[in-house]
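What follows is one structure encoded as structure tokens, with my remarks underneath.
The values are calculated or read from the model by the stated rules, or taken from the named source; none is laboratory data. As the structure is a computational prediction, the values presented were derived from the model and not from experiment. So basically every Cβ, Gly included, is an ideal-geometry build from the backbone, and we count neighbours across all protein chains shown. The accessibility values were calculated without ligands, DNA or RNA, using every heavy atom of the protein model including side chains. Shrake-Rupley method; radii C 1.70, N 1.55, O 1.52, S 1.80 Å.
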Amino acid sequence: MNSTAEPTRELLLSRIRDVQDYPKPGVLFKDITPLLADPVAFTTLTDSLAELCVRHGATKIVGLEARGFILAAPVAVRAGLGFVPVRKAGKLPGATLGQAYELEYGTAEIEIHAEDLSADDRIMVIDDVLATGGTAEASLQLIRRAGAQVAGVSVLMELGFLAGRARLEAALRGAPLEALITL
């Protein structure tokens, strides 16, 4: 679902730079650093994501490494919610819950501190881009294994041609997937 008003969508989109052939030939990379550098655009993005968290009854926000951290932390502050990072395996100290998932050419694993979530929590997952949906799907599995509920997934951009939404539908179990921009 794309619930962003057109002026907000256009502002955000105008601050995302296309970089050809990065990180490898044939890839068109969507660089959000100009958006982050623009205080009006970054505030607009933060406010839009915070509103989605409140609307869907989130009690905490999970940010996905690494750009998801940049977006999710200020959203958590704005919405008055806690922030819980989901990191690559081996990056969190202490006891963690891990979840492996498939990549195009292999596997990866993410981890979370399970004690940061409780059965009373409704978690909104925030990331910059929804591409194939693998990391987001693994984060939903981690959240549920930690005993919390999923309030939804919110992203700045959805790359619709990569079918991440279709991959996440079953894992969301009726929770919303909100993309501010769909490409």
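Taken over the range 110-139, the residue count meeting the criterion of being open to solvent by 40 Å² or more (accessible area, probe 1.4 Å) and touching a residue at least 24 places away in the same chain (Cβ under 8 Å) is 8.
Checking the condition modelled with pLDDT under 95 and closer than 28 Å to LEU35 by Cα, which residue from ALA138, ALA170, ALA163 passes?
Going through ALA138, ALA170, ALA163 in turn, just one is modelled with pLDDT under 95 and closer than 28 Å to LEU35 by Cα: ALA163.
Picking from residues in the range 91-109 that are farther than 22 Å from GLY147 by Cα and hydrophobic (A, V, I, L, M, F, W, C), the one that is surrounded by the fewest Cβ atoms within 10 Å (Cβ to Cβ) is LEU103. Look at (1) in contact with a Ser or Thr (Cβ under 8 Å, 6 or more places away or on another chain); (2) under 30 Å from LEU92 (Cβ atoms); (3) open to solvent by 40 Å² or more (accessible area, probe 1.4 Å) and you find that LEU64 fails only one, number (3).
Examine the range 35-50 for a residue that is modelled with pLDDT of 95 or more, small (Gly, Ala, Ser) and not in a helix (DSSP H, G or I), and state whether such a residue exists.
Of the residues in the range 35-50, the ones modelled with pLDDT of 95 or more are 35-50.
Imposing the further condition that a residue be small (Gly, Ala, Ser) reduces the set to 37, 41, 48, 50.
Cutting the leftovers down to not in a helix (DSSP H, G or I) gives us none.
Checked the range 35-50: no residue is modelled with pLDDT of 95 or more, small (Gly, Ala, Ser) and not in a helix (DSSP H, G or I).
Applying the condition of being small (Gly, Ala, Ser) and closer than 11 Å to LEU49 by Cα to the range 74-90 and asking which residue is nearest to the chain's Cα centre (by Cα) yields ALA76.
Residue-level analysis places ILE143 outside the set of residues that are in contact with a helix residue (DSSP H, G or I) (Cβ under 7 Å, 6 or more places away or on another chain) and more than 27 Å from PHE29 (Cβ to Cβ).
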